[in-house]
Amino acid sequence: MKHKILGQLEFDRIQEAVRAEAVTALGQKLAGRMRPSSDPAKVQQRLDETADGATILRLRGGLPVAAVPDITTALKRAEIGGVLDGSEFAGIVRVLRTVTALDDFFDGFTGKRGVTSCLSDAGTTHVIAGIVA
């Protein structure tokens, strides 16, 4: 979308509001990169995901996600065979525990009425990937 239209929509305020709600560094980064779409299929997907999020909030009060550290550097170090220090290892453990809690949380929604797109296997993977990446 053109910059002028984004300005008229005050999209920067929307991004900032979303960024303020994000509990992970990656979530904040993704909020800063989000852009509106004019593709009807993508818009519908996002509306479905928003409806699912509203249902989750209504039924459970939100996702079981505490603030987790950005483990990107630690994962890169481990990938090349480097040694992790205690805080890096602890950060990875916190992320893995959060992913396990989310997986269990989403399993509780399988087949629930009013919960559609973001709770499919692909959607759950997307949410979890957003925490880990």
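Taken together, the values in this text are just the output of simple stated rules run on the coordinates, not laboratory data. Predicted model, so just to flag it, every value in this text is computed and none were measured.
Miscellaneous remarks
- In Hz, Karplus ³J(HN,Hα) per residue of the stretch 59-70 (6.51, -1.76, 1.60; θ = phi - 60°; x = Gly, Pro): 7, 10, x, x, 8, x, 10, 8, 4, 10, x, 7
- Built amide H within the under 5 Å cut-off of residue 68, gap 5+: 25
- For residue 2, a cut-off of 20 angstrom between C-alpha atoms picks up these aspartates and glutamates, skipping any fewer than 8 places away in its own chain: 10, 12, 16, 39.
- Dimensionless Rg ratio for the stretch 1-82, taking C-alpha atoms and the 2.2 N^0.38 Å reference: 1.40
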